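The values are calculated or read from the model by the stated rules, or taken from the named source; none is laboratory data. In this text the structure is predicted, and so the values were computed from the model without any measurement. Note that each Cβ is placed from the backbone with ideal geometry, even for glycine, and that neighbours are counted across all protein chains shown. Note: areas computed on protein heavy atoms with side chains; ligands, DNA, RNA excluded. Shrake-Rupley method; radii C 1.70, N 1.55, O 1.52, S 1.80 Å.
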Amino acid sequence: MRRFLPFRSLFAALALFAAVVSVHAEGGSERTGIAMHGQPALPERFGHFPYANPKAPRQGRIVLAKTETFDSLNPYIVIGSAPDTVRFVLQSLMIRSLDEPFSLYALIARSVEMPDDRSEVTFNLDPRARFSDGKPLTAEDVRFSFDLLAKHGKPLHRASFAQVRAVEVLSPQRIRFNLSGSADRELPFIIAMMPIFAAHATDPATFADPTLKPIIGSGPYAFDEIRPGERIVLKRRGDYWGEDLPVTKGLYNFNEIVYLFYRDANTMFEVFKGGQYNFRQEESPTRWVRGYDFEALRSGAVRKESLLLRSPQGMTGFVFNTRREIFADIRVRQALASLFDFQWVNRNLYYGLQVRSESYFNNSDLSSLGHPANANERKLLSTLAIDIPQNLLEGTWRLPESTTMGEIDREAARKALALLNDAGWELNGKTLRRKTDGTPFRFEIMVRTAEQERLAMNYRMSLERFGIDARVRRIDDMQYWRRLGSFDYDMFQNTWQATTSPGVEQRGRWSSATADSEGSLNYAGVKSPAIDALLERMMSVREQGEFIDIVRALDRVLISGTYVVPLSYINQQWLAYRANLTHPDPAPLLGVPVPIETWWQTTP
């Protein structure tokens, strides 16, 4: 005989089915992965990330070193200097794949629902999620974290979260964000990647203040030891709730992650040679070529490896603070940018290992260099009422190259002086002065490391030949970051990292709204209606081809604005590490192969 459900059970099942259908109809189909453009590369039921090794042994420790100090553990607030350690402690609703331009997969959220127009996003939390103190992570913690960052977070979070119309906790494991009215198609992704703080262990009244109190998170590690200015030790949790998730399998393999802090780069290198830390990413060409000849390396105890970067490389340069009157005129900026002798610097300081930073999206198809603007991009640029040089439109623009040994090319010098003259400056004897009142052309280059100081001093000597007084000032970390946060500088060296899918972070760097917002990354003080318009288009575009056109247009506009003296970058990653450490091969598209959560230790 057939068995039938009791009437009440049948009614409950039908009601549940109707509710699920209704939810999916409103919020889009339930899934475990989303992509900014197109579809995620991995299927719904993938086993692990391609760059993770699920058979990697869980043991040992990795010890790293940094030439900086810290007065806070929270990098998500405006005030304070915090190292990159809390990312092992705090988790987000979803996590980014390092093998794709911009795809997110389920982490705290076991699934996500989002309609095609992205007018809302709903996250269904994994009921197993727990903080390190054993308390469950619920939708209330998600809303609490959203409110904290919307009020006290960095400008990126504050500006993005201001677009959210409403937040609704539907159940302890379900939360919906109403995004209707926002044209920013990246907004659901920014929400999905926000760190989740424990509401029961976080004081909203003091959240914006720097703190060395250990932060409670749901991640695979917890703070074990904190010595201000010396070391931070993270210990892998034995009770980590997400041990077997597809996005964590084969990752986070070390029992301990240790960060040591040094004030001097040379001292830090010497202690590496002595074995006090076991993983090093080298940034100095001089040290890479001449410094790695010591016993541990000769015996094979330390390995030295160079990996070609496949990921986009951003802009590195001396940043003009255009809020300063001396740099407000683009002709002045153009003149000074042309007086940096990259060829001599690369040959004599960097052993020819550097590549010139000419684009804001170097080493990628997003760069405008070598890519003539197509009809769609030209049409887009024509609506912005901005004059783009013809060689930039044709993709043939390049920075001038010196042809002499340490002497500024005469043609470049002539053009630079002509630009300065047109901008109201003239060479009077050995000093460049303002024509109207005789004020000398003088500014300060702020640096924080010996490497930056050496490069700035070389640039200063080039400027001296044109009567320009560029004073190089090296300051400590605390003062440096505070001055950056309040835009209290004339010029300094910075790198804006690039990604395979630039998005909302570009607003923080270039939008008019962030130019006067302390703590933003708009260090140059850019205020351009053309850039603002391109940023808005970038946030709303759906097709990958159109997206590339917009990014290349943005690149051309930024280059034409001359907001930096372009410097250089290394198109390789130089690594030195103890022989018992191993990384995935091939390395992921992004990181190559850092971040260190992809590594493991082969022997205890």
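Compared with the alpha-carbon gap, the fully stretched path from Arg298 to Ala513 is longer by 72.0 nm at 0.36 nm per residue. Rounded to the nearest 20 debye, the dipole magnitude of the chain is 660 debye, with +1 charges on Lys and Arg beta carbons, -1 on Asp and Glu beta carbons, and the Cα centre as origin.
Which whole-number percent is the relative contact order of the stretch 510-562 (Cα, under 8 Å, 6+ apart)?
Dividing the mean separation by the residue count of the stretch 510-562 yields 28 percent.
The residue list Ala35, Tyr240, Gly429 was ranked by how far each Cα lies along the charge dipole of the chain toward its positive end, using unit charges on Cβ atoms, and Tyr240 comes out on top. On full extension, the segment bounded by Asp224 and Leu427 gains 67.1 nm, given 0.36 nm per residue less the C-alpha separation. Rolling a 1.4 Å probe over the protein heavy atoms gives the chain an accessible area of 44 Å² per residue.
What's the magnitude of the charge dipole for the stretch 169-277 around its Cα centre, counting Lys and Arg as +1 and Asp and Glu as -1 at the beta-carbon? Answer in Debye, nearest 20.
180 debye
Each residue, Ser306 and Ile475, gets one label point 7 Å from its Cα in the Cβ direction; the gap between the two is 3.7 nm. If R0 is 41 Å, the Cβ-Cβ spacing of Ala201 and Ala162 corresponds to a FRET efficiency of close to 0.95. Return the whole-Å distance between the Cα centroid of the stretch 155-194 and the Cα centroid of the stretch 261-309. Centre-to-centre distance over Cα atoms comes out at 43 Å. Is the stretch 194-248 best put as rounded, prolate or oblate by its Cα gyration tensor, with a ≥ b ≥ c the root eigenvalues, rounded for a/c under 1.5, and otherwise prolate when a/b is larger than b/c, oblate when not? Oblate, since a/c reaches 1.5 and b/c is not below a/b.
Rounded to a whole number, what % of the accessible area of the chain do carbon and sulfur atoms account for, probe 1.4 Å?
Numbers: 13350 of 26320 Å².
Reported share for carbon and sulfur atoms: 51 percent.
Among DSSP beta bridges whose residues both lie in the stretch 395-522, state the antiparallel percentage, nearest 5. The answer is about 40 percent antiparallel. Once C-alpha pairs closer than 8 Å and six or more residues apart are averaged by separation and normalised to the residue number of the stretch 233-368, the relative contact order reads 23 percent. What translational diffusion coefficient, in µm²/s and rounded to a whole number, does the Stokes-Einstein relation yield for the stretch 502-604 at 37 °C and a viscosity of 0.692 mPa s, taking the hydrodynamic radius as the Kirkwood radius over Cα pairs? This corresponds to a translational diffusion coefficient of 195 µm²/s. Here are several values of P(r) over Cα pairs in 20 Å bins from 0, in percent: (i) 17, 36, 26, 16, 5, 0, 0; (ii) 16, 35, 27, 11, 6, 4, 1, 0; (iii) 17, 51, 27, 4, 1, 0. Which one was derived from the coordinates shown? Recomputing P(r) over Cα pairs in 20 Å bins from 0, in percent here gives the entry labelled (iii).
Here the label points at Arg442 and Arg128, each 7 Å from Cα along the C-beta direction, are separated by 6.6 nm in the simple model.
Relative to a virtual label point 7 Å from the Cα of Ala579 in the Cα→beta-carbon direction, which members of the stretch 261-300 show backbone nitrogen distances below 12 Å? Backbone N within reach: 296-300. Each Cα pair under 8 Å and six or more residues apart adds its separation to the average, and for the chain the resulting relative contact order is 20 percent.
Taking every DSSP bridge with both residues inside the chain, close to 80 percent are antiparallel. Using a Förster radius of 30 Å, what is the FRET efficiency between Ser171 and Ser540 based on their Cβ-Cβ separation? Nearest 0.05, please. For Ser171 and Ser540, the calculated efficiency is 0.45.
Just to be sure I understand the rule: take each whole DSSP H helix in the chain, project its Cα atoms onto its long axis, keep it if the span is 15 Å or more and its mean Kyte-Doolittle hydropathy is at least 0.5. Which ones pass?
7-27, 544-561
Near the amide H of Gln91, within less than 5 Å, lie the amide hydrogens of Ile196, Ser218, Gly219, all on another chain or at least 5 residues away, with H placed in the peptide plane.
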